[in-house]
Amino acid sequence: MTTSTLIHGDCRIELPKLGRKFDAVVCDPPFGVDAPYDGFTDKFADYEQFTREWIAAAWNVCGGVLCLHG
């Protein structure tokens, strides 16, 4: 039987804890920052720095393919 584990947290913190490489990493980062939506505007301070950090964290555990969904 195959088991799965769901880890809920900031990937910049959680991915390095795993201590291994994966064949593929699939990401669904927050897009549309500062885009006007019906009733609110999505804000994210230092979005560019955040993006550099999560891509680096994902790439460090990626042994093959890094997929960005968007």
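Tally Lys and Arg at +1 and Asp and Glu at -1 over the other residues with C-beta under 12 Å from the C-beta of Gly63: what net charge comes out?
Residues close to Gly63 contribute a combined charge of +1.
Take the Cβ-Cβ distance between His8 and Tyr37 as r, set R0 to 35 Å, and report the resulting FRET efficiency rounded to the nearest 0.05.
Computed FRET efficiency for His8 and Tyr37: 0.90.
Starting from 0.36 nm per residue, how many nanometres of slack lie between Asp28 and Phe50 once their C-alpha separation is accounted for?
Here the answer is 6.6 nm.
Can you send over the carbon and sulfur percentage of the accessible area for the chain, probe radius 1.4 Å, protein chains only?
About 56 percent, which is the carbon plus sulfur part of the accessible surface.
How do the peptides 5-11, 57-63 rank, highest first, by the average count of neighbouring beta carbon atoms within 10 Å per residue?
57-63, 5-11
What angle, in degrees between 0 and 90 and rounded to the nearest 10, separates the Cα long axis of helix 47-61 from the longest principal axis of the Cα atoms of the chain?
It works out to around 10 degrees.
The values are calculated or read from the model by the stated rules, or taken from the named source; none is laboratory data. Just so we're clear, the structure is a prediction, and the values are computed from it rather than from any experiment. Note that we place each Cβ from the backbone using ideal geometry, even for glycine, and neighbour counts take in every protein chain shown. Please note that ligands, DNA and RNA were not included when accessible areas were found on the heavy atoms of the full protein model with its side chains. Shrake-Rupley method; radii C 1.70, N 1.55, O 1.52, S 1.80 Å.
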